[in-house]
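First up is the structure itself, then whatever we jot down about it.
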Amino acid sequence: MKSRYRVTAIAVLLLAAVGFAPQAEAVSKPPMSTTNATVTADAADQPGRVAYVTLLSTGFEPGQGFVIAALEPQQGWVASGVNAAWAGVSGANAHSGTQHQRLTNDALVPVNTQRVVLSPLVAGVLPSTPSTTTQWINISNDQGADYDVFGQAPSQAFITWRVKFHFSDGTGAPPGMIFILDDIGGGALAFINTGVIWNTGVYTELKVQFDPALGQVRYFYGGALIHTGVIYAGNVVEQVGSVNDNFQLGGETADFDDIVLIDTPTDPTNANIKSWGRIKKAYR
């Protein structure tokens, strides 16, 4: 049995431990880190800035310039390592269209080594800009890796919001539940157990509404509001990404698709992703 919590520290310098085999002995996960600092990739993997209009959106489709291969350095996306196979563009299980992002175990580094994926930076967003981030996530099983999904403000060196798909219910036992990083008072950060069981083996939408005017961050899973938190660090979303602890079980996959960032804290249209699905069809 793994330890009850695992590290997902946000401010880390990721080391390219190529050729270093995972430890043979059991490795326990340390307690969850609640740091509010931004995630960084390897120094050589920093993304370039891209034009910003209203949306940051991708379905990892051929028409958007993606091919089935390592995700980095395609279209400004970066990941731990250099062109590493653990983070790729796949055609195995798209939510819509034909391609998606797929994460697997990185066999080149030990378990409990942070593996990070970062989107391109969004240029031109001002402090206190509201936003809504939506993405569809399909993790094959619990009891394996923790996957933290986040929005952050690298220009401020702060995380803006962070959602943990925890491998367990917080005690080390199944089922996997969703934890959210939040201020529990006096600037103290902690992971709040929402009590919501995340779905295994099926795409489900994660939506985060970042609302500076109300001082709120609203979290939705599968269309249902699961937590309303406060703004505790970054006050804008300039980049989205994920970090996992490389504790995957054999054959474990985490798929991400239809990632969209818009500059409003409320739904401008029906939250159903069908409209984006129709857009993706044009890229087939």
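Where a number appears in this text, it was derived from the coordinates with a stated rule and is not lab data. Note that the structure is a prediction, hence the values are computed from the model and not measured. Backbone-built Cβ (ideal geometry, glycine too); neighbour counts: all protein chains shown.
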* Structure fact -> From fewest to most C-beta neighbours within 10 Å, the residues Phe167, Phe247 line up as Phe247, Phe167
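Please arrange Ile197, Ile137 by counting, for each residue, the other beta carbons lying within 10 Å of its beta carbon, fewest first.
Working: Ile197 14, Ile137 25.
Ranked by crowding around the Cβ, least crowded first: Ile197, Ile137.
Got the relative contact order for the stretch 188-249 handy, in percent, Cα pairs under 8 Å and 6 or more residues apart?
Working: 54 pairs, mean separation 13.3, N = 62.
Relative contact order, the stretch 188-249: 22 percent.
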* To do: Return the whole-Å distance between the Cα centroid of the stretch 240-268 and the Cα centroid of the stretch 129-160.
  => 6
